[in-house]
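Beneath this line is the structure, given in structure tokens, with notes to follow.
Coordinate-derived values only; no laboratory data. None of these values were measured; they are calculated from a predicted model. Here the Cβ positions follow ideal geometry from the backbone for every residue, glycine too, while neighbour counts run over all protein chains shown.
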Amino acid sequence: MSRTVVVTGATSGIGRAAAREFAGRGDRLVLAARSRTTLAEVRGECEKIGAEVLAVPTDVTADGALEALTDAAVTRFGGVDVWVHTAAVMAYGRFEETPERVFEQVVRTDLLAAAGAARVALRHFRATGGGTLILTGSVLGHITAPFMSGYVASKWGLQGLARALQQEARETPGVNVCIVTPGSVDTPVYQQAANYLGRIGRPPLPITSPERVARAIVDCADRPRREVSVGRVNLVMRFGFTLLPGVYDVLVVPLMRIAGLTNRPVAPHEGTVFTPNPAGESVRGGWLPDLAQLARGVGELPASIGGAVRRRLR
Ligand SMILES: NC(=O)c1ccc[n+]([C@@H]2O[C@H](COP(=O)([O-])OP(=O)(O)OC[C@H]3O[C@@H](n4cnc5c(N)ncnc54)[C@H](OP(=O)(O)O)[C@@H]3O)[C@@H](O)[C@H]2O)c1
């Protein structure tokens, strides 16, 4: 049976991949993010797959925005069955060198707006007899890394919030709270991040595709579970962080500099923390080869070689 699914952060990365995945399942979609132009693009992509779509330009940190989003979903589709919250921003920098307003906006977006989404979703689910809330955490909600303190603090807060909400949901049958915790994912979040570190960030290896995380999210909507970890070394990192904290802390700073940052220099900037950058939004961040696109390219190779040969012979 098709469901009505709200996806926040639907214009890029994991949220955009999840929107397409739900569209492929025949679900109705309510898509939210700040960029109107990209939102219209994603609506087109999902409609092409066959989904009914409502796009609602939304800044999840704005007063009343999440209530308005719920109202729009109810008016158009009569209710919400699944709420997927992926909207987030990131900032690189030593804590004391990151402007206070940037740190606070990261926490406002990644933690407080996720709490706001949980509040409207859970109130709606209690009133209508059930539904599933899926939050997007991170392996960085279980371990820590330097130079992204606002993001790490938010993900630890979100992990605690999800656990508390899961405990409360035990008293409301039909209401499910899930958290999906990816490791490194090939999305544009690294290039879109604010930066006060002088070098552009990158996802440390191994890198997962956003489509894989999207499938885990849809799977959670089908069969709700408390937490789904996506990433081959998440457990190893958690093990090292918990059982060998001294060794972990010695290694994590040089490892972050080697594996978590590129050599590309960058001047200090606010990235997408306060305003969207539609030009930088896509499903993939370009950190992994896109095998589907590669296969299409290989498939088209004989025709393009044939064309080039014909042109040459003319
Ligand atoms: N990529 C990774 O390696 C990774 C790893 C672990 C966890 N995660 C988590 O996965 C989730 C998705 O991340 P991603 O990598 O897919 O990031 P992304 O590609 O940068 O996408 C972030 C999305 O959030 C939206 N957004 C940002 N601020 C917003 C606001 N104030 N109001 C509404 N929408 C807002 C953006 O759209 P607009 O700018 O148009 O608003 C965009 O659609 C996040 O929770 C992230 O923490 C990512």
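Overall size of the chain from C-alpha positions, given as principal axis extents largest first: 74, 51, 34 Å. Amide H contacts of R199 (H built 1.01 Å from N, in plane; Pro and chain starts excluded): V266 sit under 5 Å, all sequence-distant by 5 or more or on other chains.
DSSP assigns beta bridges within the stretch 4-283; of those with both partners inside it, close to 10 percent run antiparallel. Among K48, K155, the ranking by other beta carbons within 10 Å of each residue's beta carbon, starting with the fewest, stands as K48, K155.
In the chain, taking the dipole from charged Cβ atoms about the Cα centre, the farthest positive-side position among I207, T128, G15 is held by I207.
As a proxy for reagent exposure, D222, D59, D71, D186 were ordered by neighbouring Cβ count within 10 angstrom, fewest first; the result is D222, D71, D59, D186.
In a fully extended conformation the segment linking A267 and M1 would gain 90.8 nm over its present Cα-Cα distance, using 0.36 nm per residue.
For the pair the stretch 1-68 / the stretch 248-290, the C-alpha centres are spaced 25 Å from each other. The sum of -39500 (n - 2.57) across all DSSP H runs of n ≥ 4, divided by the residue count of the chain, sets its helix-only mean residue ellipticity at 222 nm to -15000 deg cm²/dmol. Charge tally for R3 (other residues, Cβ to Cβ under 9 Å; Lys, Arg +1; Asp, Glu -1): 0.
Residues of the stretch 146-161 with an amide N closer than 20 Å to a point placed 7 Å from the Cα of A115 along the Cα-to-Cβ direction: 149-161. Each of L251, L69 was scored by other Cβ atoms within 10 Å of its Cβ. Arranged with the fewest first, they read L251, L69. Distance from the C-alpha centroid of the stretch 180-227 to that of the stretch 84-124: 16 Å, rounded to the whole angstrom.
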